[in-house]
Structure formats: structure tokens, C-alpha cells
Amino acid sequence: MGSLLIRNGTVVTATDHYQADVFIEGETVSMIGAQLDVNADREIDADGCYLFPGGIDAHTHMELPFMGTHASDTFETGTLAGLHGGTTTIIDFAIQTQGKSIQSAIEEWHKKADGHAVGDYAFHCAVTDFNNDTRKEVPAVINEHGINSFKIFMAYKGALMIDDRQMYELMQELVVHGGIMTAHTENGDMVDSNIQKNLEAGNTEPRYHVLSRPAICEAEAAGRAIDLANETGCPFYIVHATCEETLARVKTATLRNQKVHVETCIQYLLLDDSYYFKDGFEGAKVVMSPPLRKKKDQQALWAGINQNLIHHVATDHCPFCMDQKAMGKDNFSKIPNGAPGIENRFELLYSEGVAKGRIGLNKFVEMSSTGAAKIFGLFPRKGTIAVGSDADIIIFDPKTQHTISADTHHMNVDYNAYEGWEVQGKTRTTILRGTIAVDNGEALVGEGFGKYLKRPPFNSLA
Ligand code: URP
Ligand code: ZN
Ligand code: ZN
């Protein structure tokens, strides 16, 4: 592998913003400076463009077996779509099957990803059955498999949900071994009760998905998990927070000096619950859990980003084609939960965030890359542009406009929830570990280019 010089771009990190040349040798950045006097095997002129650290999406579900079907993107198609949009690294969830070991889930996820992913990847480990056997697996998950983040589902009873005792004891175990707990916070019993009542009343359309999962279902569970994390001293991260009520629980926790890490997803910032009330089966496209919320919640999330209450904007990328969504044609509770987003997150966050004046450039980088890298132990290898870091660099043209469409996207799914949206700014070139992976829409790397990223035990001072 040779060297690459990117000239005249504007380097943007979570803290800085300056014009410089970036010299890459092999897979890493080796020099940054004004008008560097070096010879490179290849030069790129990035005049007028931003150089952003490669996007990190810390919440994806490639090929997830779920609700009687599978998420439609493989590690190959999903990570390649990410590279097109500006995301170079994902953290996917290896999800334990109840009754089986955690180790078997990790092996299963490696089989899906190793030799197939085009972008770099790491795993979180979702524990769906915490008992005396799985308890013994925790140290090896962290120290041998390089997975420091665990996940619990407080909803999806009978498939993924664990009870409060399991959550509490897993947190205690993670404190001992250096793990961070992440949680899908919805009160699964409340949700199931609401679903049953709606179905008994003959309410079968997609809109009853959101009507069965009000914000309090999420906020109550978030508050409960935050309290248990505080009691046990366990580092804690809420995945896909959607609403003002959840952020209120986070704010309360900060008053007692607890640090709560919070992720939201791009769809919760940009789409609202009116989508469920569209004609016909359209609402199925955004049946996901937790559901889309109200405009006031979007405002609370944007404010939460600027108040440093939110640390990462992910996607929860979990696509299903419309024939899969049709499994719930006559029963909203059978619509596979999840939606696509990996390809659009980075550009939409720039367009709706930076270009529309809701967030600054440094905040954009923090939300799309640095925040997740720091929390999950990838920083400074990933998440910044610095000497010694992996040369994961997005050459981003803020002047180019484009329109989102399922006809042109690269995700393996036959709709796009943002169909027709005009986007300001575009990923021109994606560089992953010093290699030009995508250039002007053309993929230059393929299946198996992605590397698995082992991560060290959780470090609260990162
Ligand atoms: O609806 C969703 N979010 N599907 C994926 C699984 C999860 O809850 O994250
Ligand atoms: Zn979830
Ligand atoms: Zn998810």
C-alpha cells in the first residue's frame, strides 16, 4: 500500500476547523500541515471541500433475524451503502438467542461479517438470557473478543426482553470487568398490554404501533435503567432515545452527578409520528421501536445535542423490504420493526443540521463520529483526523445538492423513508484506512475489505 496526499481541504474534527494538507502512508495519517512538501503516490485536490473523520454508526442490525424474517442488508451491502454515504465504521449488535450462550452469538455474527463486510466493524453484545452460565462468559467477551459494550432489551417480551433482576445483576458484573451497559428502554409489559387491547378492539393498521408505544413507555424504562446504573455504578448508554420525557430523566440523573451516555437516531430528529397516519400501509415503512415522536420531541433532541445531553446520532439501521413489512398487513404488531438509514445519516445530519443552522461543524463531527469512538473505545484510532489515526476520511462537498431516492440508493431495500428529500452537501470521496473506497459514487473496494475492530475495556475518561 502506498501513500496519498489530500491537498487544500478544510480539516474538521470535533474541536478544530482549519485548512491543511493531509498525508497518508499506508493505513494511517502521518502528517498534517500547510502546503506539505512531500511526494505521494497519489494526490487528491480537495479544494472547497471539508475533510471529516469517517462516520461511525454505533447502532446497526445487518442480517438481523427478527420477527420471523431477516433484516435485508447483509454486512456486505449494508457497509458498502454506508461507505457511499460517509460512514466507514459500524458497531452491530451480536444478539444472544435465549437458551444459548453469548459465545455462540458472537461466533454467529463473525460468520456473517468476517470476509464480507466492506467497511470496518465492531460488535456490541446483546444479552437476552442472563444466568449463572452467561455470567461466566462476561470476562472473555470483554478481554478476548474485544467487546466492551453490552445491550439489554427492556421490551420484545418472549424473544429479547430480560427482567429487572437480570439487568441489575448484569450491570454489577460489568462494573467488575470493565463493560458499559447499553439499553433499549421501553416498558415491554406496558407495550404488550396496549397492543393486546388494540388488537381486541380491531385496531390493526400501522398507526396503532405508535399508539401502543407512547413516550411514557420509553421514559419510564429509561428512568428505571438509569437508576439501576446509578445504584450499581455501571457506565450506561441509552440507545435510540426519542423524546423529551427520556431526556428529562437524563437531566435529572445529571443533577445527582451521574453521567448517562445518550444516542438518538437520525430518523427521530427528522421524521415525526404523522408518518403513521398516512393513507394505506405507508406507515409500515417507519414501524420501528421506539416509534417516531412529535415535533416538540424533535426540538428537544436538537436542543439535547447542543446541551451536550446527546453524544451520538446513529441509525438503528434495520431494513425490511415492503414484502417483509406486509407480514403485518392485517396486524400492526407483526410488521417487522426497523427501517433503513445507514447511507443517508451522515449527509442528512450535515444538511438538516449544519446547513440549516441547527448545529455547528464541530458538533456534526462529534455526533457522527467522535462521540461514539470515545464512548466505545475506538478513539483515537477512529473518530478523528490526527497523526497516527486510521486514515478514515470523508471528502465532503458542501455545495453539491442531491435528492434521496430508493432508485439510486445502495441499501438493499425497496423504499427510502426520505424519498424525494433534497440534501445540501454530498460525500465526494470516502477513504477507509488510506484506501479510496468510494469515489464520486463509484465503489473501488469490495466484499471483505472491512476489518473487525477489537475494543479495550470501557474507559470513562476517554
Ligand atoms: O425497530 C427497531 N428498532 N428494530 C431493531 C431492533 C431494535 O429495537 O433496535
Ligand atoms: Zn432497540
Ligand atoms: Zn436497534
Full extension between Q19 and N132 adds, at 0.36 nm per residue less the Cα distance, a length in nm of 35.2 nm
Sparse-neighbourhood loop hits (chymotrypsin sites (Phe, Trp or Tyr not before Pro), segment 402-454; DSSP loop; Cβ within 10 Å at most 14 others) -> none
Ordering 265-274, 345-354, 366-375 by per-residue average of other C-beta atoms within 10 angstrom, highest first, gives 366-375, 345-354, 265-274
Once Lys and Arg are counted +1 and Asp and Glu -1 for all other residues with Cβ under 12 Å from that of N143, the total becomes 0
Flagged as over-length at 27 Å C-alpha distance, from K285/K399; K111/K363; K296/K356; K112/K285; K112/K251; K363/K399, the pairs are K285/K399; K111/K363; K112/K251
Taking only C-alpha positions in segment 130-245, Rg and Dmax in angstrom work out to 15.9, 51
Length-normalised contact order of segment 55-375, Cα under 8 Å, at least 6 apart, in percent, tallies to 20 percent
Non-local residues with an amide H under 5 Å from the amide H of D73, with H modelled 1.01 Å from N and Pro and chain starts lacking one, are E63
Cα-Cα longer than 23 Å, checked against K295/K374; K259/K295; K136/K454, kept in input order, equals K295/K374; K259/K295
Descending packing, highest mean Cβ count within 10 Å first, for 300-309, 389-398 is 389-398, 300-309
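Multiply the residue separation of D323 and K356 by 0.36 nm, subtract the distance between their alpha-carbon atoms, and state the gained length in nm to one decimal.
Going from the current span to full extension adds 8.3 nm.
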The alpha-carbon center of segment 408-446 and that of segment 256-302 are separated, in whole Å, by 24 Å
Expected unfolding gain across N257-Q299 under the 0.36 nm per residue rule, minus the alpha-carbon gap, is 12.6 nm
Whole-Hz Karplus couplings 3J(HN,Hα) for segment 52-66, θ = phi - 60° and coefficients 6.51, -1.76, 1.60, Gly and Pro as x, run 9, x, x, x, 10, 10, 8, 8, 9, 9, 6, 6, 5, x, 7
In the neighbourhood of G82 defined by beta carbon distances under 9 Å, the net charge of the other residues (Lys, Arg +1; Asp, Glu -1) is -1
Segment 230-361, Kirkwood Rh and Cα Rg, ratio Rg/Rh at 1.01
Distance in Å, no decimals, from the C-alpha centre of segment 105-119 to the one of segment 311-383 is 21 Å
Quick calc, the chain, dipole around Cα centre from Cβ unit charges on Lys, Arg (+) and Asp, Glu (-), nearest 20 debye, gives 1020 debye
Net charge near R381 (other residues with Cβ under 12 Å of its Cβ; Lys, Arg +1; Asp, Glu -1) is +2
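How do H184, H116 rank by accessible surface area computed with a 1.4 Å probe, from largest to smallest?
Most to least solvent-accessible, the answer reads H116, H184.
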From most to least accessible, 1.4 Å probe, no ligand or DNA/RNA atoms counted, M1, M154 line up as M1, M154
For K295 the rounded accessible area (nearest 10 Å², probe 1.4 Å, non-protein molecules ignored) is 120 Å²
On the formula 1/(1 + (r/R0)^6), with r taken between the Cβ atoms of I216 and R165 and R0 of 22 Å, the FRET efficiency rounded to 0.05 is 0.45
If the label point sits 7 Å along Cα→Cβ of T408, residues of segment 422-448 with amide N under 19 Å come out as 422-430, 438-444
What one gets for segment 55-375 as the Kirkwood radius, inverse of mean 1/r over different Cα pairs in Å, is 19.6 Å
Over the chain, with neighbouring protein chains present, the accessible area per residue in Å² at probe 1.4 Å is 36 Å²
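The values are calculated or read from the model by the stated rules, or taken from the named source; none is laboratory data. The structure displayed is predicted, hence computed values, not measured ones. As a convention, Cβ positions derive from the backbone with ideal geometry for all residues, glycine included, and neighbour counts pool all protein chains shown. Just the protein is used for accessible areas: all its heavy atoms, side chains included, with ligands, DNA and RNA removed. Shrake-Rupley method; radii C 1.70, N 1.55, O 1.52, S 1.80 Å.
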